[in-house]
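K.L.:
Before anything else, here's the structure in question.
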Amino acid sequence: MKNLLTDIAGVRVGHADDARLASGVTAVIFDRPAVAAIDVRGGGPGTREGALLDLANTVERIDAVALGGGSAFGLEAGGGVQAWLAEQGRGFRIREAVIPIVPGAILFDLLNGGNKAWGRFAPYRDLGYTAAAAANTKFALGSVGAGLGATTANFKGGIGSASAATPSGVRVAALAVVNAAGSVTVGDGPWFWAAPFEIDGEYGGRGLPPSFTPDMLTMRLKGGAAATAVENTTLAVVVTDAVLTKAQAKRLAMIAQTGFARAIYPVHAPLDGDVVFAAATGEKPVDPLIGLTELGMVAANVVARAIARGVYTAIALPFPLRCRPGKIGSDSNRIPAIAPAKIASTARFDPSYR
């Protein structure tokens, strides 16, 4: 296993981003339609086709998931992914009509220093098409795709991924885009909140601190008191090769959200737009009670690991945040390409910790 979302057969991931824009799109493509559901816990979400995934509604399977920066502008990324799928003849068929089903979610990265003066139309639809066309079983982590412009309270955010299998051999994997209001590290590091779930030193192998000081438990929020309900989000796509119903996929998404709480402090705040998509490719049967519980337990661990890897592998933006005066990362704080810890939310997790 590659420790990636694509350890699930029939799943591919593609990125498209623009360094000047400091934003991008990540597309998760299913080779065959997958049963899917959504779970939203943050107070400021931005989603596409979220109602479609409600258990009361008809369509059960999706063709892709589009994740984008750009706040509400980034919802257009789903249209680009949809266009690429339509060219492949993929989608939900109603007689001669074919409609690709592409739920999506966005994060807020409009104040990260990139040039957002894109003119009449935002570039996210085109980025979505490019990301879908680039989808492969191998993909990059860190400051790429939808994670290019992502930040957290104290370090640069980004794309992370991880995978695992239950004792019975059912696989589950996650991809996370980490743009959290809170912190993924204990204090200013080098420890990650997700340390107990780490495998093979995938984010430094530093474990937890020998003791927790009051400073470590102090709430760190991106932008402090000036933060708003639309500036922060962590997005995750959890995929399993189990056979699940739509209702079971919803339960998997709900249990997997526990991984957010294991990796981010604080989490699910009014400031966040936290969303988990769960999808099942339908290869291996699973017991609907104990088996699904075990699958959710492993999925939560995998989500936590993916979130930590998103910060661990990210690279700092080469320009300052565009923020309100006095806010962390204001224009007076110029962040170098590789910055030491404790500077701002565009600072890379200190590579000397590795």
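The values are calculated or read from the model by the stated rules, or taken from the named source; none is laboratory data. In this text, all values refer to a predicted model and were calculated from it rather than measured experimentally. Cβ sites come from the backbone with ideal geometry, for glycine too, and all protein chains shown count toward neighbours. Note: areas computed on protein heavy atoms with side chains; ligands, DNA, RNA excluded. Shrake-Rupley method; radii C 1.70, N 1.55, O 1.52, S 1.80 Å.
K.L.:
So if each residue of separation counts as 0.36 nm, and I subtract the Cα-Cα distance between residue 117 and residue 208, what length gain in nm does that give? Walk me through the intermediate numbers first.
P.N.:
Details: separation 91, 0.36 × 91 = 32.76 nm, distance 4.26 nm.
So the chain would gain 28.5 nm between residue 117 and residue 208.
K.L.:
I'd like the Karplus ³J(HN,Hα) series for region 148-162: coefficients 6.51, -1.76, 1.60, θ = phi - 60°, whole numbers in Hz, and an x wherever there's a Gly or Pro.
P.N.:
4, x, 6, 9, 10, 5, 9, 9, 4, x, x, 8, x, 8, 7
K.L.:
Right, something else. Quick one: give the max-minus-min coordinate of the C-alpha atoms of region 16-130 along each principal axis, largest first, in Å.
P.N.:
45, 34, 23
K.L.:
Can you list the residues, at least 5 places off or on another chain, whose amide H is less than 5 Å from the amide H of residue 154, using H built in the peptide plane?
P.N.:
Residues meeting the criterion, in which the H sits 1.01 Å from N, are 184.
K.L.:
What 222 nm value per residue comes from the helices of the chain, counting each DSSP H run with n ≥ 4 as -39,500 (n - 2.57) and dividing by all residues, nearest 500 deg cm²/dmol?
P.N.:
Values: 5 runs with 61 residues, N = 354.
The helix contribution divided over the chain gives -5500 deg cm²/dmol.
K.L.:
Roughly speaking, what is the centre-to-centre gap between region 1-22 and region 43-100 when only Cα atoms are used, to the nearest Å?
P.N.:
18 Å
K.L.:
Oh, and also: Work out from phi, with θ = phi - 60° and the Karplus expression 6.51 cos²θ - 1.76 cosθ + 1.60, the ³J(HN,Hα) of each residue of region 64-76, listed in order in whole Hz, and give x for Gly and Pro.
P.N.:
Going residue by residue, I get 6, 10, 10, 10, x, x, x, 6, 4, 4, x, 4, 5 Hz, with x marking Gly and Pro.
K.L.:
Now for a separate question. Above 18 angstrom, tally the Cα pairs of region 140-198 and express them as a % of all pairs, no decimals.
P.N.:
Values: 738 of 1711 pairs.
Result for the distance tail: 43 percent.
K.L.:
If one takes the longest principal axis of the Cα atoms in the chain, at what angle in degrees, from 0 to 90 and to the nearest 10, does the Cα axis of helix 290-312 lie?
P.N.:
Tilt of helix 290-312: around 40 degrees.
K.L.:
Using +1 at the Cβ of each Lys and Arg and -1 at the Cβ of each Asp and Glu in region 40-192, identify which of 187, 75, 145 lies farthest towards the dipole's positive end.
P.N.:
The Cα lying farthest towards the positive end belongs to 145.
K.L.:
Related question: Using the Karplus curve 6.51 cos²θ - 1.76 cosθ + 1.60 with θ = phi - 60°, what ³J(HN,Hα) values do you get for each residue of region 10-22, in whole Hz, with x for Gly and Pro?
P.N.:
Calculated HN-Hα couplings, in order: x, 10, 10, 10, x, 10, 8, 8, 9, 4, 5, 6, 6 Hz.
K.L.:
Suppose R0 equals 51 Å. What FRET efficiency, 1/(1 + (r/R0)^6) with r the Cβ-Cβ distance, do residue 72 and residue 290 give to the nearest 0.05? Walk me through the numbers before you get to the answer.
P.N.:
Working: r = 41 Å, r/R0 = 0.81.
FRET efficiency, residue 72 to residue 290: 0.80.
K.L.:
Further question on the same structure: What whole number of Å gives the distance from the Cα centroid of region 257-312 to the Cα centroid of region 142-164?
P.N.:
With region 142-164 and region 257-312 each reduced to a Cα centre, they are spaced 16 Å.
K.L.:
Still on this structure, please answer the following. May I ask you to work out the translational diffusion coefficient for region 23-69 at 4 °C, viscosity 1.567 mPa s, via Stokes-Einstein with Rh from the Kirkwood sum over Cα pairs, reported in whole µm²/s?
P.N.:
108 µm²/s
K.L.:
Can you give the convex hull volume of the alpha carbon atoms of the chain per residue, in Å³?
P.N.:
Values: hull volume 44.1 nm³, N = 354.
Convex hull volume per residue, Cα atoms: 125 Å³.
K.L.:
A further question follows. Ordering 8, 99 by accessible area with a probe of 1.4 Å, largest first, what comes out?
P.N.:
Details: 8 0, 99 70 Å².
I get 99, 8, largest accessible area first.
K.L.:
Here is a follow-up. Going by average Cβ neighbours within 10 Å, how do the peptides 53-60, 33-40 rank, with the highest at the top? Before the final figure, lay out the partial values.
P.N.:
Values: 53-60: 13.4, 33-40: 23.2.
With the highest mean Cβ count within 10 Å placed first, the list reads 33-40, 53-60.
K.L.:
Show the residues, 5+ positions off or on another chain, whose built amide H is closer than 5 Å to the amide H of residue 99.
P.N.:
92, 93, 94
K.L.:
Could you tell me the number of lysine pairs in the chain with C-alpha atoms less than 23 Å from each other, where the two lysines are 8 or more residues apart or belong to different chains?
P.N.:
Count of close lysine pairs: 14.
K.L.:
Okay, next question. Answer rounded, prolate or oblate for region 83-242, using the Cα gyration tensor with square roots of eigenvalues a ≥ b ≥ c: rounded when a/c is under 1.5, else prolate when a/b is larger than b/c, else oblate. Working shown, then result.
P.N.:
Numbers: a/c = 2.61, a/b = 1.38, b/c = 1.89.
Cα axes put region 83-242 in the oblate bin.
K.L.:
Probe radius 1.4 Å, ligands and nucleic acids left out: which of 84, 118 has the largest accessible area, and how do the rest follow?
P.N.:
Reading off the accessible areas and sorting them downward yields 118, 84.
K.L.:
Go through 216, 1, 254, 297 and list them by solvent-accessible area, largest first, probe radius 1.4 Å. Present the calculation step by step, with values, prior to reporting the outcome.
P.N.:
Details: 216 25, 1 125, 254 55, 297 100 Å².
Solvent-accessible surface, decreasing: 1, 297, 254, 216.
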